[in-house]
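Asks: Sharing a structure here in structure tokens format.
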């Protein structure tokens, strides 16, 4: 069921993004009186699930969910329609239009995806607002992943600087660390500012180990939720108790309790708690899974986060700014792909699908849809043959030099680009398969 829910969210998200991307090409082409022969969601090699001819355009639904396309008359595209291109250009063909019109048509999809992402972010902020945890408001510090402990971090550190970059919010910590060009780190440790330098090759190791939660805010273990199906429900534990130890082991934080409880499967432990001003100790059975069925509650209960509400007018510039920051951050992260460790992190549809939550949540769905839309806008404008950016490069060449690129060059570039993109898709999805099994 979890797989189906994630898959449904992924397909719906990609469908929205792809249809609107192709609509950007379609509408600009129609505006400049250029014939559009096909408009498809998903690809349709050999057959289509559905198709209908309306006017000069065939609208359809393909069976291969790798994107979508519009077939514009007189354009070298993935259809590789050489018969059409061998004839003299007609007035309604793409190649007969002025270069500036062709440039607008070819970049129309990218523009729509960029605007779509920023618009969705704006509507998210208008509907739900924005809640963020300032880095230094995590008053108990952060639990650092084991790979970071080996590099000089300690549990309880509050990172305040990576190289020249100062992360403002908790959500920025991992991203700022990975994108930093400097191994120098500054943290608040036991109330003092401490500076240290991570060892050589630190970024490759973090990427190699495919870590996700590099930093987690440390929480005291307050018994907020006692599950009816857990073992603690049959003990003297009460909601609001602060759990501080197991037998003689001190576990003042939720993460320290979680690290220790697993070694007591199917055993009875003495649970040490603070209730009001009293310290109590009583027995609790531990399940075969190493759990007692107690949750610490929402982290927001322990920290002062910043909640910002936006009017409709205020949400527009805020959404544009957030979209711009997403775009520039992603562009900066591309440098990681040129390292061996970074290339291993490339993912296909499995990776994208796993970004979605196991239950349907509209706020998360729209957040991810906006993110993917902006990323696809950036990827599509890269100067790679077969992508919109590759076509744009040839048009710009024509505009600056006054010379039309040779038709054979365009065809060969399209073939090379298609093979390159197919190779990247296969590589990314092979990474997903490898991670799944190994």
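Asks: Have a look at 240, 230 and point out the one that is on the phi > 0 side of the Ramachandran plot and part of a loop (DSSP other than H, G, I, E, B). Step through it out loud before you land on a result.
Replies: Details: 230 fails: on the phi > 0 side of the Ramachandran plot.
240 is the lone residue from the list that is on the phi > 0 side of the Ramachandran plot and part of a loop (DSSP other than H, G, I, E, B).
Asks: Could you pull out every one of the strands (runs of 3 or more DSSP E) wholly within the stretch 11-66 that has 2 or more residues that are within 21 Å of residue 106 (Cβ to Cβ) and under 28 Å from the mean Cα position of the chain (by Cα)? It would help to see each step written out before you state the result.
Replies: Values: elements: 36-43, 50-54, 57-61.
Output list reads 36-43.
Asks: Mind checking which pairs have a first residue in the stretch 69-82 that is outside the structural domain of residue 37 (by TED's automatic domain parsing) and more than 12 Å from residue 38 (Cα to Cα) and a second that is buried (at least 18 other Cβ atoms within 10 Å of the Cβ) and at pLDDT 85 or above, Cβ under 6 Å, 6 or more apart or different chains?
Replies: none
Asks: Which of the residues that make up the stretch 162-190 are touching a strand residue (DSSP E or B) at 6+ places or on another chain (Cβ under 6 Å) and more than 30 Å from residue 322 (Cβ to Cβ)?
Replies: 189
Asks: Applying the selection to the stretch 105-136, what residues are over 23 Å from the mean Cα position of the chain (by Cα) and surrounded by fewer than 18 Cβ atoms within 10 Å (Cβ to Cβ)?
Replies: Of all residues in the stretch 105-136, those over 23 Å from the mean Cα position of the chain (by Cα) come to 105-108, 136.
Of everything in the stretch 105-136, just one residue is over 23 Å from the mean Cα position of the chain (by Cα) and surrounded by fewer than 18 Cβ atoms within 10 Å (Cβ to Cβ), namely 136.
Asks: Can you report the number of residues in the stretch 229-241 which are exposed (fewer than 15 other Cβ atoms within 10 Å of the Cβ) and either in contact with a helix residue (DSSP H, G or I) (Cβ under 7 Å, 6 or more places away or on another chain) or without any contact (Cβ under 8 Å) to a residue 60 or more places away in the chain (or both)? Can you show your working first?
Replies: We begin by selecting, within the stretch 229-241, every residue exposed (fewer than 15 other Cβ atoms within 10 Å of the Cβ); these are 229, 233-234, 236, 238-240.
Then drop every residue that is not either in contact with a helix residue (DSSP H, G or I) (Cβ under 7 Å, 6 or more places away or on another chain) or without any contact (Cβ under 8 Å) to a residue 60 or more places away in the chain (or both), which leaves 234, 236, 238-240.
Residues in the stretch 229-241 being exposed (fewer than 15 other Cβ atoms within 10 Å of the Cβ) and either in contact with a helix residue (DSSP H, G or I) (Cβ under 7 Å, 6 or more places away or on another chain) or without any contact (Cβ under 8 Å) to a residue 60 or more places away in the chain (or both): 5 in total.
Asks: Now a separate question. Go through the residues of the stretch 107-125 one by one and say whether even a single one is modelled with pLDDT under 90 and either assigned to a helix (DSSP H, G or I) or not assigned by TED's automatic domain parsing to the domain that holds residue 400 (or both). Walk me through it before giving the result.
Replies: As a first pass, look at the stretch 107-125 and keep what is modelled with pLDDT under 90: none.
No.
Asks: Among the numbered criteria (1) touching a helix residue (DSSP H, G or I) at 6+ places or on another chain (Cβ under 9 Å); (2) modelled with pLDDT under 90; (3) surrounded by fewer than 17 Cβ atoms within 10 Å (Cβ to Cβ), which single criterion is violated by residue 63?
Replies: Going through the list (1) touching a helix residue (DSSP H, G or I) at 6+ places or on another chain (Cβ under 9 Å); (2) modelled with pLDDT under 90; (3) surrounded by fewer than 17 Cβ atoms within 10 Å (Cβ to Cβ), residue 63 breaks only (1).
Asks: Yes or no: residue 86 under 24 Å from residue 399 (Cα atoms), at pLDDT below 90 and loosely packed, with under 12 Cβ neighbours inside 10 Å?
Replies: Numbers: under 24 Å from residue 399 (Cα atoms): yes; at pLDDT below 90: yes; loosely packed, with under 12 Cβ neighbours inside 10 Å: yes.
Judged against the criteria, residue 86 is a match.
Asks: Those residues that are farther than 30 Å from residue 247 by Cβ and either without any contact (Cβ under 8 Å) to a residue 60 or more places away in the chain or part of a strand (DSSP E or B) (or both), I need them from the stretch 273-313; list them, please.
Replies: Those that are farther than 30 Å from residue 247 by Cβ and either without any contact (Cβ under 8 Å) to a residue 60 or more places away in the chain or part of a strand (DSSP E or B) (or both): 306, 307, 308, 313.
Asks: Now for a separate question. Taking the criterion of being touching a strand residue (DSSP E or B) at 6+ places or on another chain (Cβ under 6 Å), assigned to a loop (DSSP other than H, G, I, E, B), modelled with pLDDT under 90 and surrounded by 15 or more Cβ atoms within 10 Å (Cβ to Cβ), would at least one residue in the stretch 137-159 satisfy it?
Replies: Yes, that holds for at least one residue.
Asks: Please work out if residue 436 is under 25 Å from residue 13 (Cβ atoms), modelled with pLDDT under 70 and over 18 Å from the mean Cα position of the chain (by Cα). Break it down stepwise before answering.
Replies: Values: under 25 Å from residue 13 (Cβ atoms): yes; modelled with pLDDT under 70: yes; over 18 Å from the mean Cα position of the chain (by Cα): yes.
So residue 436 fits the description; yes.
Asks: Turning to a different aspect of this structure: Limited to the stretch 263-272, what total is found for residues that are without any contact (Cβ under 8 Å) to a residue 24 or more places away in the chain, outside any loop (DSSP other than H, G, I, E, B) and under 40 Å from the mean Cα position of the chain (by Cα)? Give the derivation first.
Replies: Looking only at the stretch 263-272, we keep the residues that are without any contact (Cβ under 8 Å) to a residue 24 or more places away in the chain, and these are 266-269.
Now narrow it down to the ones that are outside any loop (DSSP other than H, G, I, E, B): 268-269.
Filter again for under 40 Å from the mean Cα position of the chain (by Cα), leaving none.
Here the count works out to 0.
Asks: Of the residues that make up the stretch 191-202, is at least one in contact with a strand residue (DSSP E or B) (Cβ under 9 Å, 6 or more places away or on another chain), crowded, with 17+ Cβ neighbours inside 10 Å, outside the structural domain of residue 16 (by TED's automatic domain parsing) and modelled with pLDDT under 95? Step through it out loud before you land on a result.
Replies: Restricting attention to the stretch 191-202, the residues satisfying the condition of being in contact with a strand residue (DSSP E or B) (Cβ under 9 Å, 6 or more places away or on another chain) are 193-198.
Next cut, crowded, with 17+ Cβ neighbours inside 10 Å only: 198.
So of that shortlist, the ones also outside the structural domain of residue 16 (by TED's automatic domain parsing) come out as 198.
Among the residues that remain, those that are also modelled with pLDDT under 95 are: 198.
Checking the stretch 191-202: at least one residue is in contact with a strand residue (DSSP E or B) (Cβ under 9 Å, 6 or more places away or on another chain), crowded, with 17+ Cβ neighbours inside 10 Å, outside the structural domain of residue 16 (by TED's automatic domain parsing) and modelled with pLDDT under 95.
Asks: In the set 208, 224, 181, which member is modelled with pLDDT under 85 and touching a helix residue (DSSP H, G or I) at 6+ places or on another chain (Cβ under 6 Å)?
Replies: Values: 224 fails: touching a helix residue (DSSP H, G or I) at 6+ places or on another chain (Cβ under 6 Å); 181 fails: touching a helix residue (DSSP H, G or I) at 6+ places or on another chain (Cβ under 6 Å).
208 is the lone residue from the list that is modelled with pLDDT under 85 and touching a helix residue (DSSP H, G or I) at 6+ places or on another chain (Cβ under 6 Å).
The values are calculated or read from the model by the stated rules, or taken from the named source; none is laboratory data. Everything numeric in this text was worked out from a predicted model, so none of it was measured. Cβ: placed from backbone, ideal geometry, glycine included. Neighbour counts: every protein chain shown.
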